[in-house]
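So the structure is just underneath, and the comments pick up after that.
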Amino acid sequence: MAEFSRESLQQLDAAHHLHPFTDSGALHQKGARVIERGEGAYLWDLDGHRLLDGMAGLWCVNLGYGRQELIAAANAQLQQLPYYNLFFQTTHPPAAKLAATLAEILPGDLKHLFFTGSGSECNDTVVRMVRHFWAEQGRPERTVIISRHNAYHGSTLAGASLGGMKPMHRQGGLPLPDIVHIDQPYHFGEGQGVDPHAFGLERAQQLEQKILELGPERVAAFIGEPVQGAGGVIIPPDSYWPEIQRICKKYDILLVADEVICGFGRTGHWFASEHFGIVPDLLCMAKGITSGYIPLGAVAVSGRVANTLIAGGEFFHGFTYSGHPVACAVAQANIAVMQKEHIVERVHEDIGPYLQQRWASLGDHPLVGETRGLGLVAALELVADKTSLTRFPEEAGAGLVCREHSLDSGLIMRAVGDTMIISPPLIITREQVDELIEKARCALDLTLTTLS
Ligand code: PLP
């Protein structure tokens with residue numbers, strides 16, 4: 001890298017690189033931030049600035065940067081067998097072993113795994129799988145999948161359709177047919193003045209209303225993130241998920257938990273379904289499965305679904321990189337480190353509660369209308385008026401102002417509208433949590449000054 005200056009990299013980037021989820025025009029004016037290396041919970045840009053990575057990359061670098069166990073596992077597998085596919089009655093040791101390991105740590109009777117290369121591919125697989133499942137059950141008319149507004153399930157056509165992001169729908173003529181949405185359980189944003197328990201029930205009962213409106217015989221599945229991540233770390237009231245589970249059971253509708261963010265310890269459990277007491281029929285995972293070191297996703301399915309698929313002949317679906325051997329080897333090493341270092345227990349009992357207690361202390365800031373969190377994921381709501389909880393006008397761009405001040409203070413926080421969110425590596429220490437809170441407060445103070 002030494003032969004490239006930051007400016008020359010920015011020029012090359014601007015000339016040839018189209019970025020995901022980026023306003024390229026705005027980027028070209030400013031030049032891209034160039035991240036060069038990482039160690040533990042920190043990143044360094046090309047100018048040598050150190051940043052505390054409050055987002056673990058994109059909610060994925062759970063074990064932090066530079067873990068030699070993961071790098072060694074990738075190296076060893078590259079030497080042994082860098083690639084082979086899992087099509088046409090073939091397997092390889094890393095995929096077979098990882099499927100068995102995942103079956104051990106997954107809740108309920110989720111004992112069968114279908115590998116993909118990403119979270120989006122998991123959700124495309126879900127659409128194909130649940131429709132195939134119902135066809136094999138002699139119910140081909142069960143094709144509709146119900147999701148939520150402001151959900152995020154990825155960027156492929158099916159993933160973006162399942163997602164409830166309006167700007168994504170507008171750009172692609174989405175959603176695809178037979179994918180419909182109900183309201184999200186976002187209490188701060190949409191339930192002010194309503195008792196949270198009653199609000200959770202009301203939002204869950206929209207599922208029943210939608211099922212009855214469509215006709216239960218047409219509905220294949222309901223999909224949801226246990227905690228909505230990209231939508232703004234939306235943690236539903238405790239009444240929400242049990243009611244969703246009850247309704248799915250009542251109408252025999254498959255329940256799909258998208259745990260692409262929540263899985264692998266983020267909420268203080270291996271999977272957040274355990275925290276919310278639900279037993280999904282299908283569960284999607286990616287990101288933290290390899291701590292983001294290499295792309296991998298998997299859809300876990302219950303015995304009922306697996307047995308139907310197994311009896312149903314060939315499933316005409318799969319990806320060249322489904323269960324890539326190097327990715328599976330890294331995932332296996334990632335899980336082994338998590339078990340050896342009791343990472344999930346640590347998030348549940350120690351560092352998670354510590355972060356939540358410290359994060360809640362930001363609630364006294366004049367700009368903060370609410371703080372919330374679970375395990376090592378958290379959010380705060382920026383408001384113009386703390387008493388009435390009135391938001392800033394959209395054109396003030398309060399969230400983006402705060403995000404920029406945060407970066408300038410050496411902390412990566414993300415803004416979803418005026419909701420500031422964090423999801424740090426699970427190996428973050430107490431000292432680093434203190435640093436995160438100090439930097440977040442500094443960013444809030446600077447934001448207050450800018451917006452006043
Ligand atoms: N599902 C959820 C809940 C996600 O948060 C994401 C990505 O952020 C995805 C699916 C898509 O995953 P990927 O970007 O790996 O395709």
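With unit charges on the beta carbon (Lys/Arg positive, Asp/Glu negative), name the residue among 371, 448, 333 whose Cα is farthest towards the positive pole of the charge dipole of region 296-452.
The residue sitting most towards the positive pole is 333.
Grab the DSSP H runs of the chain that are 4 residues or longer, score each as -39,500 (n - 2.57), total them, divide by all residues and round the 222 nm result to the nearest 500 deg cm²/dmol.
Here the helix-only value at 222 nm equals -12500 deg cm²/dmol.
Restricting things to Cα coordinates, could you compute the convex hull volume per residue of region 95-251 in Å³? Don't skip to the answer; put the middle values down first.
Numbers: hull volume 19.9 nm³, N = 157.
Once divided by residue count, the hull of region 95-251 is 127 Å³.
Using the Karplus equation 6.51 cos²θ - 1.76 cosθ + 1.60 (θ = phi - 60°), what ³J(HN,Hα) coupling, rounded to whole Hz, does each residue of region 209-223 give in order, writing x for Gly and Pro?
4, 5, 4, 5, 5, 7, x, x, 5, 9, 8, 8, 7, 10, 10
List the relative contact order of the chain as a percent without decimals, with contacts defined as Cα pairs under 8 Å and 6+ residues apart.
Once divided by the residue count of the chain, the mean separation gives 20 percent.
Which value, in debye to the nearest 20, gives the size of the charge dipole of region 321-452 about its Cα centre, when Lys and Arg are +1 and Asp and Glu are -1 at the Cβ?
Working: 11 positive and 18 negative charges, 59 e Å.
My answer is approximately 280 debye.
Gain in length, residue 197 to residue 17, computed as 0.36 nm per residue apart minus the alpha-carbon separation, to one decimal in nm?
Stretched out fully, the residue 197 to residue 17 stretch lengthens by 60.1 nm.
Going by amide H atoms built from the backbone, whose H comes under 5 Å of the H on residue 112, apart from near neighbours?
Result for residue 112 returns 301.
Quick one: what do you get for region 332-452 if you divide its Cα Rg by 2.2 N^0.38 Å?
In units of the 2.2 N^0.38 Å rule of thumb, it is 1.14.
When only Cα pairs under 8 Å and 6 or more residues apart are kept, what is the percent relative contact order across region 195-245?
58 percent
Roughly what % antiparallel, to the nearest 5, for the DSSP beta bridges in the chain?
70 percent
Could you work out how much longer the chain between residue 441 and residue 87 gets when fully extended? Use 0.36 nm per residue separation minus the Cα distance between them, nm to one decimal.
Roughly 122.3 nm would be gained on extension.
Return the distance in nm (one decimal) between the two label points of a simple spin-label model at residue 139 and residue 341, each offset 7 Å from Cα along Cα→Cβ.
Once both label points are built, they end up 4.4 nm from each other.
Quick one: work out Rg over Rh on the C-alpha atoms of region 273-364, Rh as Kirkwood radius.
Radius of gyration over Kirkwood radius for region 273-364 works out to 1.09.
Which value, in debye to the nearest 20, describes the size of the charge dipole of the chain about its Cα centre when Lys and Arg Cβ atoms bear +1, Asp and Glu Cβ atoms bear -1, and nothing else is charged?
780 debye
Based on other C-beta atoms within 10 Å, arrange 430, 33 from fewest to most.
Numbers: 430 12, 33 16.
Ranking 430, 33 by Cβ neighbours within 10 Å, fewest first, gives 430, 33.
Chymotrypsin sites (Phe, Trp or Tyr not before Pro), restricted to region 264-335: which are DSSP loop and have at most 10 other Cβ atoms within 10 Å? Kindly include the intermediate steps, with their values, before the conclusion.
Values: sites: 264, 270, 271, 276, 293, 315, 316, 319, 321; in loops: 264, 270, 271, 293, 315, 316, 319, 321.
Sparse-neighbourhood loop chymotrypsin sites (Phe, Trp or Tyr not before Pro): 316.
Working out 0.36 nm times the residue gap between residue 37 and residue 350, then minus their Cα-Cα distance, what length gain in nm do you get to one decimal? Write down the numbers at each step before the final one.
Values: separation 313, 0.36 × 313 = 112.68 nm, distance 2.83 nm.
Gain in length upon complete extension: 109.8 nm.
In what sequence, highest mean first, do 372-385, 246-259 appear when ranked by Cβ atoms within 10 angstrom?
So the order, starting with the most tightly packed, is 372-385, 246-259.
Find which of 72, 268, 425 sits farthest along the positive direction of the dipole of the chain, computed with +1 on the beta-carbon of Lys and Arg, -1 on that of Asp and Glu, about the Cα centre.
Going by the Cα projections, it comes out as 72.
Quick one: what are the phi-derived ³J(HN,Hα) couplings along region 108-122, Karplus 6.51/-1.76/1.60 with θ = phi - 60°, whole Hz, x for glycine and proline?
With the stated coefficients, region 108-122 comes to x, 10, 7, 10, 10, 10, 10, 8, 9, x, 6, x, 4, 5, 4 Hz.
Across every pair of different alpha-carbon atoms, what Kirkwood hydrodynamic radius in Å does region 1-141 reach?
Result for region 1-141, one decimal place: 19.7 Å.
Report the Cys residues of the chain lacking a disulfide-compatible partner, meaning no second Cys Cβ under 4.7 Å from their Cβ.
Here 60, 248, 262, 328, 402, 442 come out as lacking a disulfide-compatible partner, given the Cβ-Cβ threshold of under 4.7 Å.
Modelled label-to-label distance, residue 104 and residue 50, 7 Å Cα→beta-carbon offset: nm?
3.7 nm
Considering the Cα positions of the chain, please state its Rg to one decimal place and its Dmax as a whole number of Å.
21.9, 65
Can you tell me, using C-alpha contacts under 8 Å and at least 6 residues apart, the relative contact order of region 64-199 as a whole percent?
Result for region 64-199 is 15 percent.
Could you go through region 146-161 in sequence order and give the Karplus-derived ³J(HN,Hα) for each residue, using 6.51 cos²θ - 1.76 cosθ + 1.60 with θ = phi - 60°, rounded to whole Hz, and x for Gly and Pro?
9, 10, 10, 4, 6, 6, 10, 10, x, 10, 5, 4, 6, x, 5, 6
Could you please state, rounded to a whole Å, how far the C-alpha centre of region 159-218 is from the C-alpha centre of region 257-335?
24 Å
Laboratory data are not the source of any read-out in this text; all were calculated from the coordinates shown. Computed from a prediction, not measured in an experiment: that's the story for all the values here. We place every Cβ from the backbone using ideal geometry, glycine too, and count neighbours over all the protein chains shown.
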